[in-house]
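Take a look at the structure below.
The values are calculated or read from the model by the stated rules, or taken from the named source; none is laboratory data. Remember, predicted model here, so these are calculated numbers, not experimental data. Cβ placement follows ideal geometry from the backbone for every residue including glycine, while neighbour counts extend to all protein chains displayed. For accessibility, only protein heavy atoms count, side chains too; no ligands or nucleic acids. Shrake-Rupley method; radii C 1.70, N 1.55, O 1.52, S 1.80 Å.
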Amino acid sequence: MVKDWKAIAKANGLELTARDLDRVVSPLDNLEGIFRPLVDGLTPDVEPSFVLPAEENE
C-alpha cells in the first residue's frame, strides 16, 4: 500500500500551495517506491527491532 502523502499533509494541517506540495511529495513517493519492496520482502526473523531497556527507579 502506497501512502497518499498529499492527503497526509492536508490532514496534518499543512497549508501549502499545490506547487510546494508537489515539491514535497515527489521525493517521498520516490523513496517509498524504493523502500516499499525491500520492506515487503522482510520476514519477522530479519526485521529490525528497537528495544529500550527499562531503567530501575531508585
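Things to note:
- Count - residues of segment 17-32 that are in contact (Cβ under 8 Å) with a residue 12 or more places away in the chain and out of contact with any Leu (no Cβ under 9 Å at 6 or more places or on another chain): 4
- Search result, residues across segment 12-37 that are hydroxyl-bearing (Ser, Thr, Tyr) and outside any helix (DSSP H, G or I): Thr17
- Tallying residues that are open to solvent by 80 Å² or more (accessible area, probe 1.4 Å) and modelled with pLDDT of 90 or more within segment 25-55 yields 3.
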